[in-house]
1. Just want the ordering: 58, 25, from fewest to most Cβ atoms lying within 10 Å of their own Cβ.
2. To test your reading of the geometry: what angle, between 0 and 90 degrees and rounded to tens, separates the Cα axis of helix 26-113 from the longest principal axis of the chain?
3. Go ahead and set up a Gaussian network model of the chain, Cα springs under 10 Å, then flag whichever of 86, 68, 46 fluctuates most.
4. Here are several values of percent of Cα pairs over 17 Å apart: (i) 80; (ii) 56; (iii) 67. Which one was derived from the coordinates shown?
5. Label points 7 Å out from Cα along the Cβ direction at residue 25 and residue 108: separation in nm?
6. Which one of 100, 84, 43 has the biggest mean-square fluctuation once the chain is modelled by GNM with Cα springs under 10 Å?
7. Taking Cα pairs under 8 Å and at least six residues apart, what relative contact order does the chain come out at, in percent?
């Protein structure tokens, strides 16, 4: 086992030939054990960081959810106001159309009298 240039560990498998086959050397097995311990420590550190991040992430998600709900509520209110405004404009347009038709009828009657 040796340290790589980037701080990692490089394990070189070493075996002894025996009549029953190859068996790993003591140094190789100890290197594996050390690598496993290092990995275990790294996993523990990562788990701790994740635990520390989880409440913050949950709070941020809750804030985002609340903001999204506020935006959705605002859009619903805006939609309702637009519907009311469109209905009002439609009513005014219908009134204007009726007035124009009435004026056209009056003009036609006046023309017929003359």
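None of the figures in this text is laboratory data; all of them are computed from the coordinates on show. Since this is a predicted model, take the numbers as computed values, not measurements. Cβ sites come from the backbone with ideal geometry, for glycine too, and all protein chains shown count toward neighbours.
1. So the ranking, lowest neighbour count to highest, is 58, 25.
2. Orientation of helix 26-113: about 10 degrees from the principal axis.
3. Answer for the Gaussian network model of the chain: 86.
4. (i)
5. Result for the modelled spin labels: 11.2 nm.
6. Sorting by GNM fluctuation, first place goes to 100.
7. Taking the mean separation of contacting Cα pairs over the length of the chain, I get 11 percent.
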